[in-house]
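Asks: Pasting a structure here, questions to come.
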Amino acid sequence: MADAHEPLEVYRLQEDGAVRREYVNVARTRASCYVQEGMGIERDTSAARSPNGQPTFKAVICNNNNYGLAGPSYDLAVQPCIDCPKNMVTKDQYRSSVTGGYTDPGPA
């Protein structure tokens, strides 16, 4: 997820050889990128590193066999969905109405 977008000017080469200027909205700062409740963050091994050499990440929605963050996270670090113990699932009452992902129910 990202808030606070700003336009980034990019140039695209067209099939006829012409160059066209376009604008793509990107997150303004590192702090404007986040994941919501019921999600986790994984390294995106299929993507190239970012222009500054940092690894890239992707958000994932946690299912009922695991659970994710209980609230938004602005930290660009691996925060995987955590697997439930064997033969257990996360109850639907811990399913996020925002993302559909499952969250940590916390201590009983």
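Each reported figure results from applying straightforward, stated rules to the coordinates on display, with no laboratory input. This is a predicted model, so every value here is computed, not measured. So basically every Cβ, Gly included, is an ideal-geometry build from the backbone, and we count neighbours across all protein chains shown.
Asks: Report the extension gain between M88 and V24 in nm, rounded to one decimal, defined as 0.36 nm multiplied by the number of residues separating them, less their alpha carbon distance. All intermediate terms of the calculation are to be shown ahead of the outcome.
Replies: Numbers: separation 64, 0.36 × 64 = 23.04 nm, distance 4.34 nm.
The M88-V24 span can extend by a further 18.7 nm.
Asks: Can you run phi through the Karplus equation (6.51, -1.76, 1.60; θ = phi - 60°) for region 72-85 and list ³J(HN,Hα) in whole Hz, with x for Gly and Pro?
Replies: x, 10, 9, 8, 7, 8, 5, 9, x, 5, 9, 5, 6, x
Asks: Mind ranking 52-65, 82-95, 33-46, 11-24 by how tightly packed they are, going by the mean number of other C-beta atoms within 10 angstrom, highest first?
Replies: My ranking of the peptides, most packed first, is 33-46, 52-65, 82-95, 11-24.
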